[in-house]
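The values are calculated or read from the model by the stated rules, or taken from the named source; none is laboratory data. Here the structure is a predicted model, which means the values were calculated and not measured. Every residue, glycine among them, receives a Cβ derived from its backbone with ideal geometry; neighbour counts consider all protein chains shown. Heads up: the accessible areas ignore ligands, DNA and RNA and are worked out on the full protein's heavy atoms, side chains in. Shrake-Rupley method; radii C 1.70, N 1.55, O 1.52, S 1.80 Å.
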Amino acid sequence: MKTIVLKADNKNNKAVTDKAAEIIKQGGLVAFPTETVYGLGGNGLEPEAAKKIYAAKGRPSDNPLILHISELSQLRPLVREIPPSAEKLISHFWPGPLTLIFKKADIVPFETTGGLDTVAVRFPENSIAREFISACGVPIAAPSANSSGRPSPTRASHVEYDLNGKIDMIIDGGHCEFGLESTIVDISSDKPCLLRPGSITVEMLKDVLGEIAIDKAVLTKLENGESPKAPGMKYTHYSPSARVIIVRGDSEKVIAKINELISKTDKGLKTGVIASEETKDRYIADETLVIGSIKKPEEIAANLFKMLRKCDHHNIDTVFAEGLPENELGLAIMNRLKKAAGYEIYDV
Ligand code: AMP
Ligand code: MG
C-alpha cells in the first residue's frame with residue numbers, strides 16, 4: 001500500500017481533510033495530528049476499520065481504541081448515560097486532552113472497545129483534527145499512530161517511520177502541542193478514577209471534582225496477575241531500542257550517579273543522557289540529548305517521545321534519564337518514562 005502524506009498548512013486544510021475523509025468513508029485509515037499525539041483514525045462504528053487499525057499497529061486486540069468526536073452532540077448516541085461528574089469534566093476540559101470512559105451504547109462495536117462494555121471518548125481541540133473528524137461525519141476510532149510498543153508519535157515523520165506502507169494517508173499538521181497522550185478518567189462507575197495521567201493533571205481534576213481515585217497502575221508496576229483498568233497500561237510501552245535507566249533525587253547527586261554509571265558501562269556500548277537545559281554540560285556520556293528546561297515541564301512533556309525516538313537514531317545502547325518529582329505534569333511524564341525504562345530506577 002502506498003501511504004500518501006499531505007501537509008495541512010492552514011491555507012489548504014479543507015482540501016486535505018476532505019481527501020482524508022473520503023478515505024475513511026471507503027473504510028481506510030488516516031493518521032492525523034491532535035494536541036496530544038498523532039492518532040491513527042478509522043470509522044469508529046465499523047468493526048472492519050477497528051480490525052485494520054489493530055493490524056497496522058501490531059496492537060493486541062484487547063487494547064481498546066478511543067472514539068474522537070468534533071462536536072459535543074456526537075457524544076450522546078455513543079454512551080448509555082452521562083453522569084454528573086462527566087458533565088463537570090466536559091464543561092471544564094472539552095475540547096482538550098481529556099478522555100472519558102462511559103458505559104457504551106449498542107451502536108459502538110465491541111471490536112472498537114476491545115470487547116469491553118465501556119467506551120472511551122475524546123473531543124480534541126486541534127483544529128485540523130476537528131475539521132477531519134467533522135468531514136468524516138462519524139466518530140473516529142484512534143489509538144496513537146505508532147507501531148505497538150514504540151514511543152507515541154508527535155511529528156508526522158514519526159508516523160511515517162513506523163507505519164509507512166501500512167496505512168492510506170498521513171495528515172502532516174506539524175508537531176503536537178502537549179506531546180503526551182490524553183489523561184484518561186473512568187466515570188462509568190460510582191467514583192471517578194484516573195486511569196492514565198496526562199496534561200490535564202490530577203490537581204486540575206481535583207479542583208473540579210473535589211476527589212478522584214487513582215488506578216494503581218498509574219503509580220506503580222503491577223504484579224503478575226494484576227490488571228490495570230485501562231488495558232493499554234499493561235503493555236510495555238514507549239520503548240526505544242536502547243536500555244533506559246532513570247536516576248532521580250537531588251540534582252547534584254543525580255548527575256554524580258549518572259556519570260558513575262556511565263563510567264562503569266561496557267566501553268563497547270554507546271551511552272546517552274536525556275538531560276535538561278540546566279544540566280546538559282555536566283555529563284560524560286557519548287551523546288547528550290537536551291529535553292528542555294527543568295523550569296518548563298510542558299517543554300519536557302512535549303519533547304519526551306521525540307527524545308526517546310532520537311536514542312534510536314543515534315544508535316544509543318544505554319540512555320540515562322533524570323527523574324522528575326511526580327506531581328502536576330511530572331506525574332504523566334514519569335509515568336511514560338518509567339514504562340520506557342521498564343521501571344529500572346535508581347533513587348539517590
Ligand atoms: P492510545 O490511544 O494508543 O493511547 O490507546 C488508548 C488508551 O485508552 C489505551 O491505554 C486503552 O487501554 C485506553 N482505553 C480505551 N478504551 C478504554 C475503555 N473502555 N476502558 C479503559 N481504558 C480504555
Ligand atoms: Mg498508544
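Could you give the spread of the C-alpha atoms of the stretch 115-221 along their three principal axes, from largest to smallest, in whole angstroms?
44, 34, 31
With labels modelled as points extended 7 Å from the Cα through the Cβ direction, what inter-label distance (nm, one decimal) is found for Asp250 paired with Arg80?
Each label point lies 7 Å from its Cα, and together they span 5.4 nm.
Multiplying the sequence separation of Lys216 and Ser241 by 0.36 nm and subtracting their Cα-Cα distance, what value in nm do you get? Provide the component values of the computation, followed by the final result.
On the way: separation 25, 0.36 × 25 = 9.00 nm, distance 2.71 nm.
The Lys216-Ser241 span can extend by a further 6.3 nm.
For the stretch 127-141, just list the computed ³J(HN,Hα) in residue order, Karplus coefficients 6.51, -1.76 and 1.60, θ = phi - 60°, integers in Hz, with x standing in for Gly and Pro.
5, 5, 4, 5, 4, 5, 4, 5, 5, 6, x, 9, x, 9, 6
Per DSSP helix of 4 or more residues, -39500 (n - 2.57); summed, then divided by the residues of the chain. What does that give at 222 nm, rounded to the nearest 500? Please report the intermediate quantities before stating the final value.
Working: 10 runs with 107 residues, N = 348.
Calculated from helices alone, the mean residue ellipticity at 222 nm is -9000 deg cm²/dmol.
Using alpha carbon coordinates only, what is the Rg to Rh ratio of the chain, with Rh defined as the Kirkwood radius?
Values: Rg = 20.0 Å, Rh = 20.5 Å.
Answer for the chain: 0.97.
Ignoring ligands, DNA and RNA, what percent of the 1.4 Å accessible area of the stretch 123-196 is carbon and sulfur?
Values: 950 of 2300 Å².
Summing carbon and sulfur atoms, their accessible area is 41 percent of the total for the stretch 123-196.
Counting each pair of different Cα atoms once, what's the Kirkwood radius of the stretch 183-334 in Å, rounded to one decimal?
Working: mean 1/r = 0.0591 Å⁻¹.
By the Kirkwood definition, the hydrodynamic radius is 16.9 Å.
Roughly what angle does helix 297-313 make with the longest principal axis of the chain, taking Cα atoms, 0 to 90 degrees, to the nearest 10?
In the chain, helix 297-313 runs at an angle near 80 degrees to the longest axis.
Using Cα springs under 10 Å in a Gaussian network model of the chain, which residue among Met307, Met169, Met204 shows the largest mean-square fluctuation?
Of Met307, Met169, Met204, the most mobile in the Gaussian network model is Met204.
Select from Ile167, Ile24, Ile214 the residue whose mean-square fluctuation is largest in a Gaussian network model of the chain (Cα-Cα springs shorter than 10 Å).
Sorting by GNM fluctuation, first place goes to Ile214.
Taking 7 Å along the Cα-to-C-beta vector as the label spot, tell me the Lys25-Leu269 distance in nanometres, rounded to one decimal.
The answer from the label model is 5.4 nm.
Quickly work out the Asn164-to-Asn259 label distance, labels modelled 7 Å from Cα along the C-beta direction, and quote it in nm with one decimal.
4.1
Does the stretch 8-104 classify as rounded, prolate or oblate by the C-alpha gyration tensor (a ≥ b ≥ c root eigenvalues; a/c under 1.5 gives rounded; else a/b over b/c gives prolate, otherwise oblate)? If you can, show how the numbers build up before the last one.
Details: a/c = 1.89, a/b = 1.26, b/c = 1.50.
In terms of gyration-tensor shape, oblate.
Output wanted: per-residue J couplings in Hz (rounded whole) for the stretch 63-80, from phi through Karplus 6.51 cos²θ - 1.76 cosθ + 1.60, θ = phi - 60°, x for Gly and Pro.
Once rounded to whole Hz, the list reads 9, x, 9, 9, 8, 9, 10, 10, 8, 4, 5, 6, 6, 3, x, 8, 10, 6.
Over the chain, give the accessible area per residue in Å² for a 1.4 Å probe, as an integer. Intermediate results must be reported in sequence, preceding the final value.
Working: 14630 Å² over 348 residues.
Computed with neighbouring chains in place, this is 42 Å² per residue.
Report the extension gain between Glu226 and Asp312 in nm, rounded to one decimal, defined as 0.36 nm multiplied by the number of residues separating them, less their alpha carbon distance. Each step should come with its number before you reach the end.
Details: separation 86, 0.36 × 86 = 30.96 nm, distance 3.14 nm.
Once the chain is fully extended between Glu226 and Asp312, it gains 27.8 nm.
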